[in-house]
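Enquirer: Before anything else, here's the structure in question.
The values are calculated or read from the model by the stated rules, or taken from the named source; none is laboratory data. Worth saying up front: this structure is predicted, and the values here are computed from it rather than measured. For neighbour counting, all protein chains shown are included, and Cβ atoms are generated from backbone atoms with ideal geometry for every residue, glycine included. Areas reflect the complete protein model, heavy atoms only, side chains present, ligands, DNA and RNA absent. Shrake-Rupley method; radii C 1.70, N 1.55, O 1.52, S 1.80 Å.
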There are 2 protein chains.
Amino acid sequence: MIENEPGETETVSGKTRDALRAAHLYYMQDLTMDAIAHELHTSRSSISRLLSHARASGLVEISIHSPLDLPSRLEQEILEHHEVHAHVVPVPDHASDVDRLDRVALSAARILGQYVDSNQTIGIAWGSTMTAMSRHLVPKATHNTEIVQLNGAGNLRTTGILYASELLRRFGDAFGAHVQQFPVPAFFDDPETRRAFWRERSTRRLLDLQSRMDVALFGLGSPFAEVPSHVYQGGYLERADYEALSRDGVVGDVATVFYRADGSSDGIALNERATGPDFSVLRRAPRRVCVVSGRAKIASLRGALAAGLITDLIVDEGTARALIESRDG
Amino acid sequence: MIENEPGETETVSGKTRDALRAAHLYYMQDLTMDAIAHELHTSRSSISRLLSHARASGLVEISIHSPLDLPSRLEQEILEHHEVHAHVVPVPDHASDVDRLDRVALSAARILGQYVDSNQTIGIAWGSTMTAMSRHLVPKATHNTEIVQLNGAGNLRTTGILYASELLRRFGDAFGAHVQQFPVPAFFDDPETRRAFWRERSTRRLLDLQSRMDVALFGLGSPFAEVPSHVYQGGYLERADYEALSRDGVVGDVATVFYRADGSSDGIALNERATGPDFSVLRRAPRRVCVVSGRAKIASLRGALAAGLITDLIVDEGTARALIESRDG
DNA sequence: AAGCCGCATGCACATATGTGCAATGGGAGA
DNA sequence: TCTCCCATTGCACATATGTGCATGCGGCTT
């Protein structure tokens with residue numbers, strides 16, 4: 001976060017003070033913006049902008065509580081079948097996968113604030129889901145919170161996708177948190193290089209952070225879906241790798257670590273070269289938030305659930321329904 | 001709370017479900033009402049009404065967080081000088097006392113939800129401030145919460161003022177709580193009658209509840225202000241009573257129990273006939289929320305603070321400023 | 001001291017939201 | 001089964017809110 005500079009202090013806190021006051025008048029006292037403008041001796045349009053600012057900067061928080069006696073049927077069933085707390089994001093069935101992703105990411109960004117707090121270590125993966133989320137984060141002030149990158153990103157070839165560092169920075173900015181980058185490629189070419197790297201003290205420091213995560217946040221990869229995930233388009237994997245994955249019965253990945261439909265991940269060769277945290281490490285985090293959208297990811301989701309990687313799931317309605325309805329969807 | 005009747009269940013929970021979904025779409029996904037109407041196959045105006053319902057029924061909660069490093073100057077100073085957590089309600093200086101009361105009550109009603117929770121006993125006084133609040137309560141579902149009337153109300157002579165029972169019922173409805181009425185006059189004529197009554201088992205049960213309150217909620221009376229409080233207009237007190245109060249140096253009351261500027265209340269004769277809880281009982285409640293508006297109540301507020309009756313104060317800005325600025329305001 | 005830059009402001013217009021009213025339809029009771 | 005009642009709906013209009021644009025004010029650089 002940018003510290004106030006001399007001479008700027010007044011302006012910055014003045015704006016926040018105004019925003020706070022306008023928010024009180026608008027949300028607590030139900031005054032019209034016109035009336036507020038009058039009270040604050042400014043124009044109505046300035047108040048409109050001030051209130052937008054108040055919302056966007058987390059001064060105003062809007063939350064939705066479903067009555068305890070009326071949980072969403074889907075969320076209830078997911079809890080019963082999979083022992084996972086679900087947030088089902090309503091999305092019309094006819095929505096495109098792009099819409100779906102955007103809407104889930106938007107909701108997820110706003111829900112995320114509930115999980116993040118001071119004095120926490122938060123692990124974050126990268127991918128198209130996380131990128132979409134990063135665009136909509138609502139800031140929340142925290143102290144002593146640290147964000148740690150879960151897996152290497154290497155270089156990207158495709159355009160229009162943010163570098164992982166930019167993505168992490170957005171999360172860091174939103175929570176006033178320090179960011180620990182993980183500057184390695186997504187996959188090493190040689191398992192031995194990875195092992196050597198893992199012995200480096202700077203790497204160990206980061207791995208240590210990962211093992212002490214309070215919250216892990218990730219999307220899911222699904223290598224064989226019709227619309228392959230981010231990782232599978234970036235040129236990280238070669239044809240031979242795909243064939244190996246296919247042979248190993250892989251259905252998905254979390255932070256570039258692969259698993260099968262039954263949740264197992266032993267003996268998957270590619271994992272020896274991957275940079276994401278071993279599932280045994282990941283599972284140490286008491287809260288593991290997974291954001292998923294699109295039915296293409298159902299197989300991947302089932303696998304991740306079977307592997308016990310998820311404690312909190314944010315998912316679009318159609319996918320949630322498909323998850324519950326049939327085991328062979 | 002009205003229980004669902006057969007055949008009504010579907011309708012009621014259907015409406016709540018719709019409201020919940022609409023709220024998600026509106027507040028989490030930023031869809032326009034038009035778009036939501038389309039998704040839910042209804043008209044835009046129905047969505048507008050549905051969202052109003054969602055807000056009014058507490059499904060949607062809007063809260064305002066002031067950044068920890070920027071507390072309101074006034075709130076900060078009140079905390080330092082009086083060891084009380086203040087919520088300062090912004091109100092323009094030129095507002096009338098009626099406006100002031102309305103706006104403070106509206107804000108207070110919305111803040112109240114933060115203090116109320118399941119398994120609590122909540123004591124509530126009555127008066128114009130509480131009446132105004134009762135009109136704006138935002139429902140919040142609780143279990144096993146009990147509301148107990150702090151002081152008797154007797155009969156009222158003036159019109160346009162709700163009977164205490166109606167007032168209490170509104171609080172009870174808002175929190176789904178059971179209400180314990182206290183069917184006695186505000187003041188007994190004879191102290192002996194009061195003592196006798198206090199020995200009754202039904203009374204003792206209620207007094208016992210009062211002594212176990214988790215939250216007490218009250219306004220302040222100020223007998224000698226230009227605009228006298230509710231109690232002083234209702235015909236509860238006679239001229240001789242006023243003169244006695246004046247002689248005793250009384251500056252205010254909480255739930256019809258009087259105190260002096262220094263917070264003392266010993267030897268005030270009228271208190272022997274009053275039905276409100278003794279301050280020693282009141283102070284057992286870990287949270288004691290006081291709602292005050294209007295500079296006329298400053299002397300009364302100072303006294304209540306001196307008596308240590310308040311832990312949380314909701315007050316209009318002008319009064320807060322006057323409280324801080326000069327000791328002889 | 002002058003000039004430049006960037007940001008905040010208010011206006012006017014474009015959208016979005018709130019609400020009185022008449023019409024509709026489902027359900028309780030006769 | 002019929003009728004009446006009341007709650008809910010959508011329309012059309014009234015308000016309220018959002019936003020592109022031109023303007024002007026400070027602050028910083030040259």
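Enquirer: When the stretch A:297-307 is examined, which residues are found to be without any contact (Cβ under 8 Å) to a residue 60 or more places away in the chain and open to solvent by less than 30 Å² (accessible area, probe 1.4 Å)? Can you show your working first?
Expert: Filtering the stretch A:297-307 for residues without any contact (Cβ under 8 Å) to a residue 60 or more places away in the chain gives A:298, A:302-303, A:306-307.
Matches in the stretch A:297-307: A:Ile298, A:Gly303, A:Ala307.
Enquirer: Could you count how many residues in the stretch A:244-294 are touching a Gly at 6+ places or on another chain (Cβ under 6 Å), over 22 Å from A:His85 (Cα atoms) and not in a strand (DSSP E or B)?
Expert: 2
Enquirer: When the residues of the stretch A:40-62 are filtered to those that are within 12 Å of A:Ala23 (Cα to Cα) and near DNA strand D (Cβ under 8 Å from one of its atoms), which remaining residue is nearest to the chain's Cα centre (by Cα)?
Expert: Per the stated criteria, the residue is A:Ser52.
Enquirer: If you don't mind, another one. Can you give me the number of residues within the stretch A:147-166 that are modelled with pLDDT of 55 or more and either closer than 20 Å to A:Asp189 by Cβ or open to solvent by less than 30 Å² (accessible area, probe 1.4 Å) (or both)?
Expert: First, the residues of the stretch A:147-166 that are modelled with pLDDT of 55 or more: A:147-155, A:163-166.
After this cut, where a residue has to be either closer than 20 Å to A:Asp189 by Cβ or open to solvent by less than 30 Å² (accessible area, probe 1.4 Å) (or both) as well, the list is A:147-155, A:164.
Count: 10.
Enquirer: May I pose another question? Find all pairs meeting these conditions: Cβ atoms under 7 angstrom apart; at least six residues apart or on different chains; first residue within the stretch A:24-44 and in contact (Cβ under 8 Å) with a residue 12 or more places away in the chain; second residue small (Gly, Ala, Ser) and not in a loop (DSSP other than H, G, I, E, B).
Expert: Note: pairs meeting the criteria are A:Met33/A:Ser48; A:Ile36/A:Ala22; A:Leu40/A:Ala22.
Enquirer: Every residue in the stretch B:21-50 that is facing chain A (nearest Cβ under 10 Å), assigned to a helix (DSSP H, G or I) and open to solvent by less than 20 Å² (accessible area, probe 1.4 Å), please. Step through it out loud before you land on a result.
Expert: Going residue by residue through the stretch B:21-50, those that are facing chain A (nearest Cβ under 10 Å) are B:21-31, B:35-36, B:38-40.
Within this subset, residues satisfying the condition of being assigned to a helix (DSSP H, G or I) are B:21-28, B:35-36, B:38-39.
Those that are facing chain A (nearest Cβ under 10 Å), assigned to a helix (DSSP H, G or I) and open to solvent by less than 20 Å² (accessible area, probe 1.4 Å): B:Ala22, B:Ala23, B:Leu25, B:Met28, B:Ile36.
Enquirer: Something else: Between A:Arg327, A:Arg284, A:Arg302, which is modelled with pLDDT of 95 or more and over 15 Å from A:Gly221 (Cα atoms)? Give the steps one after another, and end with the answer.
Expert: On the way: A:Arg327 fails: modelled with pLDDT of 95 or more; A:Arg302 fails: over 15 Å from A:Gly221 (Cα atoms).
A:Arg284 is the lone residue from the list that is modelled with pLDDT of 95 or more and over 15 Å from A:Gly221 (Cα atoms).
Enquirer: Modelled with pLDDT under 90, more than 7 Å from chain A (Cβ to nearest Cβ) and open to solvent by less than 20 Å² (accessible area, probe 1.4 Å): which single residue out of B:Ala86, B:Ala95 fits that description? Quick ask: steps written out before the conclusion?
Expert: Numbers: B:Ala86 fails: modelled with pLDDT under 90.
Selected residue: B:Ala95, the only one of B:Ala86, B:Ala95 that is modelled with pLDDT under 90, more than 7 Å from chain A (Cβ to nearest Cβ) and open to solvent by less than 20 Å² (accessible area, probe 1.4 Å).
Enquirer: Which one is nearest to A:Gly318 (Cα to Cα), of the residues in the stretch A:68-83 that are open to solvent by 60 Å² or more (accessible area, probe 1.4 Å) and at the interface with another protein chain (Cβ under 10 Å from one of its Cβ atoms)?
Expert: Looking at residues that are open to solvent by 60 Å² or more (accessible area, probe 1.4 Å) and at the interface with another protein chain (Cβ under 10 Å from one of its Cβ atoms), I get A:Arg73.
Enquirer: Quick check on the stretch A:51-67. Is at least one of its residues surrounded by 14 or more Cβ atoms within 10 Å (Cβ to Cβ), more than 16 Å from DNA strand C (Cβ to nearest atom), at pLDDT below 90 and hydroxyl-bearing (Ser, Thr, Tyr)?
Expert: Yes, the stretch A:51-67 contains a residue that is surrounded by 14 or more Cβ atoms within 10 Å (Cβ to Cβ), more than 16 Å from DNA strand C (Cβ to nearest atom), at pLDDT below 90 and hydroxyl-bearing (Ser, Thr, Tyr).
Enquirer: State whether the residues of the stretch A:118-127 include one that is closer than 21 Å to A:Pro277 by Cβ, within 14 Å of chain B (Cβ to nearest Cβ), among the hydrophobic types (A, V, I, L, M, F, W, C) and open to solvent by less than 10 Å² (accessible area, probe 1.4 Å).
Expert: no
Enquirer: Here is a check on your reading of the model: is B:Arg17 under 26 Å from the mean Cα position of the chain (by Cα) and within 11 Å of chain A (Cβ to nearest Cβ)? Step through it out loud before you land on a result.
Expert: On the way: under 26 Å from the mean Cα position of the chain (by Cα): no; within 11 Å of chain A (Cβ to nearest Cβ): yes.
Judged against the criteria, B:Arg17 is not a match.
Enquirer: Can you tell me which of (1) within 16 Å of DNA strand C (Cβ to nearest atom); (2) modelled with pLDDT under 90; (3) charged (D, E, K, R); (4) surrounded by 13 or more Cβ atoms within 10 Å (Cβ to Cβ) is the one A:Glu10 doesn't meet?
Expert: Here A:Glu10 meets the rest and fails (4).
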